[in-house]
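Here the structure is laid out as structure tokens; the discussion comes afterwards.
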Amino acid sequence: MRVLLFALLALISLHFSPVMGQESAPSTPAQSVKPGINQKFLDPELDVNEWIKRFEVESREVFRGRQQIVKQLKLSPGNRIADVGAGTGLFLEPFSMAVGNKGWVYSLDIVPKFVERYEKMADILNLTNVTPVLCGQNDIRLAPGSIDVAFICDVYHHFEYPAASLASIRKALVPGGQLILIDFERIPGTSREWTLGHVRAGKEVFRKEVEEAGFEFVEEVKLPAFQENYFLRFMRK
């Protein structure tokens with residue numbers, strides 16, 4: 001099994017593996033910025049099919065606009081991309097196709113059952129350039145300089161320890177690599193009540209946090225499919 005194989009490789013030769021062993025992650029910081037936001041995802045009885053029905057529907061903007069999103073990433077054959085918080089694996093196949101046989105896709109999540117799904121998807125679709133990774137809540141567990149692109153889609157507001165997570169992402173990215181942040185607009189008086197209660201901060205706050213973590217803001221990309229979401233591009237300094 002692919003997940004077990006990479007776990008063994010990490011233990012045998014951590015220095016050379018693109019996937020860091022769990023023992024390399026720093027201890028969890030004492031203070032979460034949004035305690036309990038990931039509790040339902042950490043339920044050992046989590047039903048993956050329930051989340052597929054929630055995430056992979058036309059009413060969800062990132063699902064409806066997935067082709068627009070992939071196009072705007074401007075991936076090239078040979079690129080290495082980390083889908084940080086890949087959820088049900090919506091972008092696993094299109095990313096695999098975009099980077100080609102010489103590229104690589106790391107599908108990351110803190111949910112073991114989601115990670116198991118990535119492995120099954122890669123096997124069924126015969127995608128040989130995909131590595132499922134069970135990451136930590138404050139560390140994506142990838143080796144330094146192992147990726148060219150970090151993709152964070154509708155997930156950043158679930159980061160309980162954003163400073164630590166961003167530090168690990170920056171470490172994994174090559175200098176000049178891009179970070180894509182897609183999240184919900186949070187505008188009091190305009191956004192839905194669900195968004196106001198669920199998403200801890202608006203675009204300006206999230207942008208500031210990413211910039212303070214060592215990234216340069218490049219642009220905001222406007223997508224036709226987006227009304228509630230935004231797409232920000234950053235570059236690793």
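Every read-out reported here was derived from the displayed coordinates using simple, explicitly stated rules and does not represent laboratory data. None of the values given here were measured: they were computed from a predicted structure. No Cβ is skipped: glycine too gets one built from the backbone with ideal geometry, and neighbour counts run over all protein chains shown.
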Next on the checklist: Using alpha carbons only, how many angstrom separate the centre of the stretch 57-113 from the centre of the stretch 177-237?
Outcome noted: 18 Å
Checklist outcome for this item: In nanometres, the difference between 0.36 nm per residue of separation and the alpha-carbon distance of Ala163 and Lys102 is 18.8 nm
Next on the checklist: Taking R0 as 25 Å, what FRET efficiency do you get between Gln67 and Gln227 from their Cβ-Cβ distance, rounded to the nearest 0.05?
Outcome noted: 0.90
Checklist entry - What is the calculated FRET efficiency for Val174 to Glu219, with r their C-beta to C-beta distance and R₀ = 30 Å, to the nearest 0.05? => result 0.95
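Could you order the peptides 126-135, 77-86 from most to least packed, using the average number of other C-beta atoms within 10 Å per residue? Present the calculation step by step, with values, prior to reporting the outcome.
Numbers: 126-135: 19.0, 77-86: 22.7.
Sorting 126-135, 77-86 by mean packing, highest first, produces 77-86, 126-135.
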Next on the checklist: Run the simple label-point estimate for Asn129 and Ile52 please: 7 Å along Cα→C-beta, distance reported in nm.
Outcome noted: 2.5 nm
Checklist entry - Going down the table (Lys71/Lys222; Lys74/Lys237; Lys120/Lys171), which pairs top 22 Å between alpha carbons? => result Lys120/Lys171
Item to check | Size of electric dipole in the stretch 45-179: Cβ of Lys, Arg +1 and of Asp, Glu -1, about Cα centre, debye, nearest 20 | outcome: 500 debye
Next on the checklist: Quick check on packing: order 89-101, 41-53, 184-196, 140-152 by the mean number of other C-beta atoms within 10 Å, highest mean leading.
Outcome noted: 140-152, 89-101, 184-196, 41-53
Checklist entry - Cα to Cα, under 19 Å, and not fewer than 8 places away if on the same chain: which lysines meet these conditions relative to Lys40? => result Lys53, Lys113
Item to check | Listed residues Gln39, Ala164, Gly189: farthest to the positive end of the dipole of the chain (Cβ charges) | outcome: Ala164
Item to check | Dipole moment magnitude, nearest 20 debye, the stretch 177-237 about Cα centre, only Lys, Arg, Asp, Glu C-beta charged | outcome: 80 debye
Checklist entry - Taking R0 as 22 Å, what's the FRET efficiency between Lys113 and Trp194 from their Cβ-Cβ distance, rounded to 0.05? => result 0.35
Checklist entry - Given charges of +1 on the Cβ of Lys and Arg and -1 on the Cβ of Asp and Glu, with all other atoms neutral, how large is the dipole of the stretch 106-237 about its Cα centre, in debye to the nearest 20? => result 140 debye
Checklist outcome for this item: Across 5 Å bins beginning at 0, the whole-percent shares of Cα-Cα pair distances in the stretch 139-214 come to 3, 16, 26, 23, 15, 9, 5, 3, 0
Checklist outcome for this item: Total charge of the residues flanking Leu75 in space, meaning their Cβ is under 15 Å from its Cβ, with Lys and Arg +1 and Asp and Glu -1, is +3
Checklist entry - Where the eigenvalues come from the Cα gyration tensor of the stretch 42-236, what are the semi-axes √(5λ) of the equivalent ellipsoid, largest first, in whole Å? => result 23, 20, 17
